[in-house]
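Colleague: Mind having a look at this structure? Questions to follow.
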Amino acid sequence: MARDVRMRGFRERAPVAAAQAWIDALAIPARPEEVPGAAAAGRRLAETLVAPADLPPFARAAMDGWALRAAATYGAGPADPVAFGVVGVARAGHPFAGVVGAGEAVRIMTGAALPDGADAVLPAEEGREENGRLEALATLSPGRHVGAAGEDLRQGEVALAAGRWLRPQDVGLAAALGRERLCVQALPRIAVLVTGDELCAPGSRPGPGGILDANGPMLEALLRRDGAGPVVRRRVPDRRAALAEALATTPGDVVLVSGGSSVGEEDHAPGLVAEQGELVFHGLALRPAAPAGLGMAGGRPVFLLPGHPVSCLCAYDLLAGRWVRRWARGDPAWPYAAVQVRAARKMSSALGRLDYLRVRLTPAGAEPLMSRGAAILSSTTRADAFVLIPPESEGHAPGEAVTAYCYDPCAGGRSP
């Protein structure tokens, strides 16, 4: 049974790396669904696509010019052209119906099917045509300027393997194979429970002691960014029974609880997770977001995120977001660009704790904004990036090289 830390505090705090290892070991349910091809970009493929036929299915011109027999151009050059009779035209989608004989040529456009009898294309700049007569000014070899049948994919070849995170070009290839719809892994459904009697809906006018809910909209935006599916967001009062009901009945593949995870009298979330399943971690060696927790309840993962907005953001990216990105994209990679900079000032930490430090990027390097202030959300909007000081370090001296993760979304950042 989990120890009740309310009004007692944490005796010890687990390493963030241990919590992340637990997250990475969670099984991702296989739940395929079929979607239109264009909607499959950014999703994980749940089937293996095999080319049903050669792609392209026919040899085609790689340049505008004339289709002919390469052997007939032997010895041709600007000073000694070889003559051909032009017997027709081939355009993309409108092939030449006849057969090209010796000494004959067919005017052809890029992408058009190579006529029977021809095995090369003389480029437009290497020939002269007038009154149905072509003069070839260059010698060709068979296959010159021709795209062969099956040069993209051969029949039976694996085009896209199951589990692949689909990019727009992958969707295009699937369409070229004749697939209008694709079977992809369903996106995770998320339940977000935002706790606190003081919280009011954005746009409302709070009464005495009330504040507007920032965590709910922020978490939903983070989930959308990371590829989550439907999000059900509920505000839950600080009553044990209300949170127990919401935890047990709100639909979703995973539950994110904002607030109620610390050591106060009204912090019911950890005990309820322990009652409904297993509280695996509660209290992490992390600043901010030390009161974060993880566990299982009702057969699904539950992430307990602290109520202070900066702590909530930090815990989401390091913990809950890691799981969402693994499911949605098959990889926990951060959508933050990692850049190498110098510390403009001293960055202090404590051994054994992971520190999440907000910084501004200046010509002098990474300038820390503040080391505390987990409730000050504007510190993250004024910051350009954040620096993670690992547990084995007491910080960074001025001028020391550090890795900064930029808040502006940009591919390239990696989860630590």
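Colleague: Can you compute log10 of I(q)/I(0) for the range 193-309 with the Debye formula, treating each Cα as one identical point scatterer, at q = 0.19, 0.20, 0.23 Å⁻¹?
Modeller: -1.04, -1.15, -1.46
Colleague: To the nearest 0.05, how large is the calculated FRET efficiency for Glu135 and Gln169 if R₀ is 51 Å and r is the Cβ-Cβ distance? Walk me through the intermediate numbers first.
Modeller: On the way: r = 41 Å, r/R0 = 0.80.
Rounded to the nearest 0.05, the efficiency is 0.80.
Colleague: Follow-up question, since we're still on this one. Evaluate E = 1/(1 + (r/R0)^6) for Ala401 and Ser378, where r is the Cβ-Cβ distance and R0 equals 41 Å; express this FRET efficiency to the nearest 0.05.
Modeller: On the way: r = 28 Å, r/R0 = 0.69.
The computed FRET efficiency comes out at 0.90.
Colleague: Output wanted: per-residue J couplings in Hz (rounded whole) for the range 206-215, from phi through Karplus 6.51 cos²θ - 1.76 cosθ + 1.60, θ = phi - 60°, x for Gly and Pro.
Modeller: x, x, x, x, x, 9, 7, 6, 9, 5
Colleague: Report the gain in length on full extension from Ile211 to Arg181: 0.36 nm times residue separation, minus Cα-Cα distance, nm rounded to one decimal.
Modeller: 6.2 nm is the gain from fully extending Ile211 to Arg181.
Colleague: Name the residues whose placed amide hydrogens come within less than 5 Å of the amide hydrogen of Asp152, ignoring near sequence neighbours (fewer than 5 apart) on the same chain.
Modeller: When sequence neighbours closer than 5 places are left aside, the close amide H contacts are Leu55.
Colleague: Between the range 326-380 and the range 275-310, what is the separation of their alpha carbon centroids in Å?
Modeller: 21 Å
Colleague: Next up: Find how much the distance from Ala83 to Gln340 grows on full extension, using 0.36 nm per residue of separation minus their present alpha carbon separation; answer in nm with one decimal. Show your work: numbers first, answer last.
Modeller: Values: separation 257, 0.36 × 257 = 92.52 nm, distance 6.40 nm.
This chain segment gains 86.1 nm when fully extended.
Colleague: Rounded to the nearest 500 deg cm²/dmol, what is the calculated helix-only ellipticity per residue at 222 nm for the chain, with -39500 (n - 2.57) per DSSP H run of length n ≥ 4? The partial results should precede the final answer.
Modeller: Details: 8 runs with 69 residues, N = 416.
Computed ellipticity for the chain at 222 nm equals -4500 deg cm²/dmol.
Colleague: Can you tell me how much longer the chain between Asp197 and Arg300 gets when fully stretched, taken as 0.36 nm per residue apart minus their C-alpha distance, in nm with one decimal? Write out the running numbers ahead of the final one.
Modeller: Working: separation 103, 0.36 × 103 = 37.08 nm, distance 2.59 nm.
Between Asp197 and Arg300, full extension yields 34.5 nm more.
Colleague: Let me ask another. Over the chain, what is the mean sequence separation of C-alpha contacts under 8 Å (at least six apart), divided by residue count, expressed as relative contact order in percent? Walk me through the numbers on the way to the answer.
Modeller: Numbers: 1010 pairs, mean separation 64.6, N = 416.
Relative contact order of the chain: 16 percent.
Colleague: How would Glu400, Glu126 line up from fewest to most surrounding beta-carbon atoms within 10 angstrom?
Modeller: Numbers: Glu400 14, Glu126 22.
If I rank by nearby Cβ atoms, fewest first, I get Glu400, Glu126.
Colleague: Oh, and also: What number, in percent, do you get for the relative contact order of the range 336-409 if the mean sequence gap of Cα pairs under 8 Å and at least 6 apart is divided by its residue count?
Modeller: Numbers: 171 pairs, mean separation 35.6, N = 74.
Answer for the range 336-409 is 48 percent.
Colleague: Same structure, new question: When DSSP beta bridges are limited to those with both residues in the chain, what percentage is antiparallel, rounded to the nearest 5? Mind dumping the intermediate values first?
Modeller: Values: 61 of 88 bridges.
Here the antiparallel bridges make up roughly 70 percent for the chain.
Colleague: As I understand it, the dipole of the chain uses +1 on the Cβ of Lys and Arg and -1 on the Cβ of Asp and Glu, about the Cα centre. Which of Leu26, Ile376, Gly264 lies farthest toward its positive end?
Modeller: Most positive-ward Cα: Gly264.
Colleague: A follow-up question, please. Rounded if a/c is under 1.5, else prolate if a/b beats b/c, else oblate: with a ≥ b ≥ c from the C-alpha gyration tensor eigenvalues square-rooted, which is the range 60-147? Intermediate results must be reported in sequence, preceding the final value.
Modeller: On the way: a/c = 1.61, a/b = 1.43, b/c = 1.12.
Prolate.
Colleague: Taking amide H positions as placed in the peptide plane 1.01 Å from N, state which residues far from Arg360 in sequence (5 or more) or on other chains have amide H under 5 Å from it.
Modeller: It is Glu367, Leu369, Asp384, by chain and number.
Colleague: Compute, for the chain, the length of the dipole vector about the Cα centre, with Cβ point charges of +1 (Lys, Arg) and -1 (Asp, Glu) only. Units Debye, rounded to 20.
Modeller: Values: 44 positive and 44 negative charges, 283 e Å.
With only Lys, Arg, Asp and Glu charged at Cβ, the dipole is about 1360 debye.
Colleague: Which one, [x] 25.8; [y] 22.7; [z] 21.4, gives Kirkwood radius over Cα pairs in Å as derived from the coordinates shown?
Modeller: Answer by label: [x].
Colleague: Counting only Cα, what are the radius of gyration and maximum Cα-Cα distance Dmax of the range 191-261, in Å?
Modeller: 12.3, 37
Taken together, the values in this text are just the output of simple stated rules run on the coordinates, not laboratory data. This structure is a prediction, so every number in the text was calculated from the model and none was measured. When we count neighbours, we look across all protein chains shown, and the Cβ atoms used for this are built from the backbone with ideal geometry, even at glycine.
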